[in-house]
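Peer 1: Here's a structure for you.
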Amino acid sequence: MATPTEPQADVPAAHRRLEEHEQARWQDFYADRSRNRPFFVDEPDENLVDWCRRGWLAPGAALDVGCGNGRNAVFLAEQGFVVQGVELSAQALAWAAETAQRRGVELQLRQASIFEQPPAPASLDLVYDSGCFHHIAPHRRQDYVALLARALRPGGRLGLVCFRPEGGSGLDDEQVYRQGSLGGGLGYDEARLRMSWGKAFEILELRRMHEPEPGSGCFGLGCLWVMLAQRVEAGKRP
């Protein structure tokens, strides 16, 4: 991906147009649950299941950012986490609430932008983002990283799933503002991911998402990255 560049004369207007377009996009995205979308399923991400089985995530206070239909939030609640889910789409939240009720777990769900209603500082043990980061506008990228780092307690962990280059729209940052759209999500190469997250977090695992066998009970696509990271306290980087 090219080095981020933005139009100079109309930066605020370009930012506003992009954010309005992206927020409007999600309002009806989940209205038709029969749409052919690979993540319109009940199964949690394979990496999330793997990290819990290996003891890399201990139950505590968790936030699922852009929780969608709640498939990962419900799984975390079943593992003993106290789970909040934040999402722009009212239809997605209704779906998540129904799934939670059917599975007999409790979720704290709210319709909001994470930027407008950020979590309290040092209030979380886990932040999980499956597919939100690659929909974050370039000018919000570092604010997003800092926001999640502030929300985590010392030693808190971040789980991330996002597009690899082949999974994303192929747009660079300049094209995003020129077109006023993220084009369905931005793809990241390994160097860009490490640059974006490596200052605030120690990256514990970064790999391609596995594609589980049918019937495994897990979701996975090879065009996605999975990353597990731990919040780094100022002055205590190993």
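Peer 1: HN-Hα J couplings of segment 72-78 from phi, Karplus 6.51/-1.76/1.60, θ = phi - 60°, integer Hz, Gly and Pro as x?
Peer 2: After applying 6.51 cos²θ - 1.76 cosθ + 1.60, I find 7, 4, 5, 4, 4, 4, 5 Hz.
Peer 1: On the accessible surface of segment 122-231, probed at 1.4 Å, how many percent belong to carbon and sulfur atoms?
Peer 2: 47 percent
Peer 1: Place a +1 charge on the Cβ of each Lys and Arg in segment 61-168 and a -1 charge on the Cβ of each Asp and Glu, then give the dipole magnitude about the Cα centre in debye, rounded to the nearest 20.
Peer 2: Charge dipole, segment 61-168, about its Cα centre: 140 debye, nearest 20.
Peer 1: Per the helix-only calculation at 222 nm, which mean residue ellipticity applies to the chain, given -39500 (n - 2.57) for every DSSP H run of n ≥ 4 and division by its residues, nearest 500 deg cm²/dmol?
Peer 2: -9000 deg cm²/dmol
Peer 1: Using the Cα centre of segment 133-212 as the reference point, and only Cβ charges (+1 on K/R, -1 on D/E), how large is the resulting charge dipole? Debye, rounded to the nearest 20.
Peer 2: 340 debye
Peer 1: Determine the sum of side-chain charges near W26: Lys and Arg each +1, Asp and Glu each -1, restricted to other residues whose C-beta is under 12 angstrom from that of W26.
Peer 2: Around W26, the charge tally is -4.
Peer 1: Which net charge results when you count Lys and Arg as +1 and Asp and Glu as -1 among the other residues whose beta-carbon is under 13 Å from that of L148?
Peer 2: +3
Peer 1: If you add up the charges near W56, with Lys and Arg at +1 and Asp and Glu at -1, over every other residue whose beta carbon is less than 10 angstrom from its beta carbon, what do you get?
Peer 2: Its environment carries a net charge of +1.
Peer 1: Further question on the same structure: When the expected Rg is taken as 2.2 N^0.38 Å, what fraction or multiple of it is the alpha-carbon Rg of segment 25-125?
Peer 2: Against the compact-globule rule of thumb, the ratio is 1.05.
Peer 1: Over segment 22-167, what is the mean sequence separation of C-alpha contacts under 8 Å (at least six apart), divided by residue count, expressed as relative contact order in percent?
Peer 2: Reported relative contact order: 23 percent.
Peer 1: With charges only on Cβ, +1 for K and R and -1 for D and E, what is the dipole size of segment 89-238 about its Cα centre, in debye, rounded to 20?
Peer 2: 400 debye
Peer 1: Let me ask you something else. Could you tell me how far the Cα centroid of segment 97-130 sits from the Cα centroid of segment 165-204, in Å?
Peer 2: First find each Cα centre; the distance between them is then 24 Å.
Peer 1: Going 7 Å from the Cα of N36 in the Cα-to-Cβ direction, what parts of segment 183-227 have a backbone nitrogen less than 16 Å from that spot?
Peer 2: Those under the cut-off are none; the list is empty.
Peer 1: Right, something else. For segment 13-74, what is one quarter of the convex hull surface built on the Cα atoms, given in nm²?
Peer 2: Approximately 6.0 nm², given one-decimal rounding.
Peer 1: Also, quick follow-up: Taking a point 7 angstrom from the Cα of R17 along the C-beta vector, which residues in segment 158-188 have backbone N less than 15 Å away?
Peer 2: Once the point is set 7 Å along Cα→Cβ of R17, 174-183 turn out to lie under 15 Å by backbone N, inside segment 158-188.
Peer 1: How many Å² of accessible area per residue for segment 105-233, probe 1.4 Å?
Peer 2: That works out to 42 Å² per residue.
Peer 1: Residue farthest toward the positive end of the dipole of the chain, with Cβ of Lys/Arg at +1 and Asp/Glu at -1: which of P214, G131, F29?
Peer 2: G131
Peer 1: Can I ask one more? Hey, if you drop one equal point scatterer on each alpha-carbon of segment 143-238 and run the Debye formula without solvent, what base-10 log of I(q)/I(0) do you get at q = 0.10, 0.13 Å⁻¹?
Peer 2: Summing over Cα pairs of segment 143-238 leads to -0.33, -0.55.
Peer 1: Would you mind putting 139-147, 210-218 in packing order, based on average other-beta-carbon counts within 10 Å, highest first?
Peer 2: 139-147, 210-218
Peer 1: Then there is this: Suppose R0 equals 22 Å. What FRET efficiency, 1/(1 + (r/R0)^6) with r the Cβ-Cβ distance, do E98 and Q27 give to the nearest 0.05?
Peer 2: 0.75
Peer 1: Here is a further query. State the answer as a single residue: which of W225, A151, N72 lies farthest towards the positive end of the charge dipole of the chain, with beta carbon charges of +1 for Lys and Arg and -1 for Asp and Glu, about the Cα centre.
Peer 2: A151
Peer 1: To the nearest 0.05, what FRET efficiency results for E190 and W56 with a Förster distance of 22 Å applied to their C-beta separation?
Peer 2: The value I calculate is 0.60.
Peer 1: Relative to the present Cα-Cα distance, how much length would full extension add between A120 and E43 at 0.36 nm per residue of separation?
Peer 2: Length difference between fully extended and current span is 24.8 nm.
Peer 1: Binned at 10 Å from 0, what are the whole-percent values of the Cα-Cα distance distribution for segment 117-182, short to long?
Peer 2: 19, 45, 25, 10
The values are calculated or read from the model by the stated rules, or taken from the named source; none is laboratory data. The structure displayed is predicted, hence computed values, not measured ones. Quick reminder, even Gly has a Cβ in these numbers, built from the backbone with ideal geometry, and neighbours come from all protein chains shown. The area values use the complete protein model at the heavy-atom level, side chains included, leaving out ligands, DNA and RNA. Shrake-Rupley method; radii C 1.70, N 1.55, O 1.52, S 1.80 Å.
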